[in-house]
Amino acid sequence: MSIWIIFKLLGSLALLMFGMKSMSEALQKMAGPQLRHVLGAMTTNRVTGMLTGTLVTASVQSSTATTVMTVSFVNAGLLTLAQAISVIMGANIGTTLTAWIMSAGMSFDITSAVYPAFFMGIILIYLKKYRYIGDFLFGLSFLLLGLGTLRMTGTEMHLGENQALLDFFASFDPDSFVTTLIFLVLGGIMTFCVQSSAAVMAITMILCSSGALPIYQGIALVMGENIGTTVTSNLAAMSANTQARRAALAHMFFNVFGVIWILFVFRPFIDMVCGWVGYDVDMQKGSVETSVFLANSAKLSFVLAAFHTTFNVANTFILIWFIPQIEKFVCWVIKPKRVDEEEDFRLHFITAGFMKTPELSVLEAQKEIQSFSERMQRMFGMVRELLTLSSSETAKKNNAQTGDFNKLYTRIEKYEGISDNMELEIAKYLDQVGDAHLSDDTKAKIRAMLREISELESIGDANYNIARTIARKYQGKQDHFSDKQYDHIHQMMELTEEALTQMNRLMNGRKDSYDVNRTFNLENEINNYRNQLKSQNIMDVNNHAYTYAVGTIYMDIINECEKLGDYVVNVVEARMGTRQKEKDI
């Protein structure tokens, strides 16, 4: 075997893998938002969940994409883990369409048909309006070109006449259960190493179609590939949150269970599938004419695709009735981490290595920003509590209350650091996503999200500034605020709290159902109240109702609340893609 043929084999595998990736990403750009809505709406029970998973995966040609979308919905509370498991089962069926595309590419010479597709694709890309269709055609063409080249390379290699290869496979007893296990493990290892089940399926089809690899060992490789792909997703999910790891484990359980029961009916099950396709299992080379033998061998790629589909459909039919038990099992195996997540800075939705496509990465980043927004409102709640602790006349005399004050202030300081880190980490992640080839809508979303996190971090700064002012007042020698001043501060904070609540309602809901005027009206109310208190403060200081120093600290808190309200409006504008007509001067 020449070095040229080896490079041709590796290059055609690379073309195949690149084509699969390009085609999947183009499909997700064309239908990503719609598919997410379908996934969220059509999972009312286990059967519709399974059908939805099948449909979405067949549409985007990526079970990983479907799994990631599903996990993100679980994290957002839109799906239960049980519904997610049914979708993942459907994803296993949907992904078998890839095997049928590959078997067609292996059985027919389709390389000549890809060149018109390339030509059409480049025209559509330059038209811009239809560039995603062009991207899809390019991806599909690369996939088919890779398959065609693999087929021709397999023929050039004469694998069916390579005595060394034939002797290697012949050294395994075809009737031995141990042989099946060896090839099963080999398929899992190969998939884990090349990180592509499609590549392993293509290699298996070449070996079987050439007559070098017996069908039983070939199907054992396919079974191993099913397990190998779940090992990859479980390793990727190790750094993810609890629900993501549970979903990945459910995916592995589904495939491992299927492999275990299929081993008990291995030969009869394969013989049944071969009968459906019309492949003669008992035909031996030399016992019939060469043309008849080759025609029979050509059906092997369809046997592998048919087995892949039948295996996953049968496995789903068995396990779909036991979804509650699977859910209990994965929850029992993977316990939630016992940490105070408020004090522990960790991105909950963005996980390194888990996201595969930019369009879905944006969805995960949006979930992270929602979490960021909620965290900032909780921080404001702590600031209000800090003001309450500082308001007692006997607070400084009470050691226990002083301890509570210091503890809460330290916690607010920690939150301020968390807000800085969240802004940096999410921005860095969005920058990485932005390097990819994205749709115009997604680019606009990323720009808006970068503005959102900047303004959310400013809300954290405003919270910390208010807390520092309260602490300065608490630890200094100034007189206490009057009851009227406390009432005014609490009223201003109540308005600010309502603005934050409206912001989070928007961040966690749909833009089309949100009335943005409510936020703008609240902002005007906060501004007017600040102006009213500013005038009142000057009069009170002149009338010696309290000292100038107390009045300065009092207005610092009021002004910082008003600034916080401005940042809330900026977040809402970024999310809605609107601008307030009149800005407060």
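The values are calculated or read from the model by the stated rules, or taken from the named source; none is laboratory data. All values derive from a computational prediction rather than experimental measurement. Methodologically, a virtual Cβ is constructed for each residue, glycine included, from the backbone with ideal geometry; neighbour enumeration extends over all protein chains shown. SASA here: full protein model, heavy atoms, side chains in, ligands and nucleic acids out. Shrake-Rupley method; radii C 1.70, N 1.55, O 1.52, S 1.80 Å.
Work out how much length THR501 to THR402 would gain on full extension: take 0.36 nm times their residue separation and subtract the Cα-Cα distance, in nm to one decimal.
Length gained, THR501 through THR402: 32.7 nm.
Once neighbouring chains are kept in place and the probe is 1.4 Å, which whole percent of the accessible area of the stretch 410-534 is contributed by carbon and sulfur?
The computed percentage sits at 43.
List the equivalent ellipsoid semi-axes of the stretch 419-494 in whole Å, largest first, each obtained as the square root of 5λ for an eigenvalue λ of the Cα gyration tensor.
Rounded to whole Å, the semi-axes are 41, 14, 5.
Taking all protein chains together and a probe of 1.4 Å, list TRP100, TRP261, TRP321, TRP276 from the most accessible to the least accessible.
I get TRP276, TRP321, TRP100, TRP261, largest accessible area first.
Expressed in nm², what is the orientationally averaged projection area of the convex hull enclosing the Cα positions of the stretch 469-537?
Averaged projected area of the stretch 469-537's Cα convex hull equals 5.8 nm².
5 Å is the cut-off here: which amide hydrogens, built 1.01 Å from N in the peptide plane, fall below it relative to SER439, excluding neighbours closer than 5 in sequence?
Amide H neighbours of SER439: none.
Considering only Cα-Cα distances, which of the following residue pairs are longer than 20 Å: LYS414/LYS534; LYS129/LYS367; LYS443/LYS511?
LYS414/LYS534; LYS129/LYS367
Please list 3J(HN,Hα) in residue order for the stretch 254-259, calculated via the Karplus relation 6.51 cos²θ - 1.76 cosθ + 1.60 where θ = phi - 60°; whole Hz, with x for glycine and proline.
After applying 6.51 cos²θ - 1.76 cosθ + 1.60, I find 4, 6, 5, 4, x, 5 Hz.
Taking 7 Å along the Cα-to-C-beta vector as the label spot, tell me the SER513-ASP431 distance in nanometres, rounded to one decimal.
It is 3.6 nm.
Could you go through the stretch 362-377 in sequence order and give the Karplus-derived ³J(HN,Hα) for each residue, using 6.51 cos²θ - 1.76 cosθ + 1.60 with θ = phi - 60°, rounded to whole Hz, and x for Gly and Pro?
Each residue of the stretch 362-377 in turn: 5, 4, 5, 5, 5, 5, 5, 5, 4, 4, 4, 4, 5, 5, 5, 5 Hz.
Can you grab the distance from the C-alpha centre of the stretch 176-198 to the C-alpha centre of the stretch 457-492, Å, no decimals?
First find each Cα centre; the distance between them is then 65 Å.
Could you pull the accessible area for LEU424 with a 1.4 Å probe, rounded to 10 Å²?
Only protein atoms counted, so the area is about 110 Å².
Kindly report, to the nearest 10 Å², the accessible surface of TYR429 as traced by a 1.4 Å probe over protein heavy atoms only.
For TYR429, solvent-accessible area is about 30 Å².
Work out how much length ASN234 to PHE7 would gain on full extension: take 0.36 nm times their residue separation and subtract the Cα-Cα distance, in nm to one decimal.
Full-extension gain reported as 78.6 nm.
I'd like the GluC sites (Glu not before Pro) in the stretch 461-560 restricted to DSSP loop residues with at most 10 other Cβ atoms within 10 Å, sorted by number.
Hits after loop and neighbour filter: nothing returned.
May I ask you to rank PHE138, PHE317 by accessible area, largest first, using a 1.4 Å probe over the protein chains only?
Result, largest first: PHE317, PHE138.
Given a 1.4 angstrom probe, what's the average accessible area per residue across the stretch 473-568, in square angstrom?
Here the per-residue accessible area is 51 Å².
Per residue of the stretch 295-307, what does 6.51 cos²θ - 1.76 cosθ + 1.60 with θ = phi - 60° give for ³J(HN,Hα)? Whole Hz please, x for Gly and Pro, Karplus curve as stated.
5, 5, 5, 5, 7, 5, 5, 6, 4, 4, 5, 5, 4
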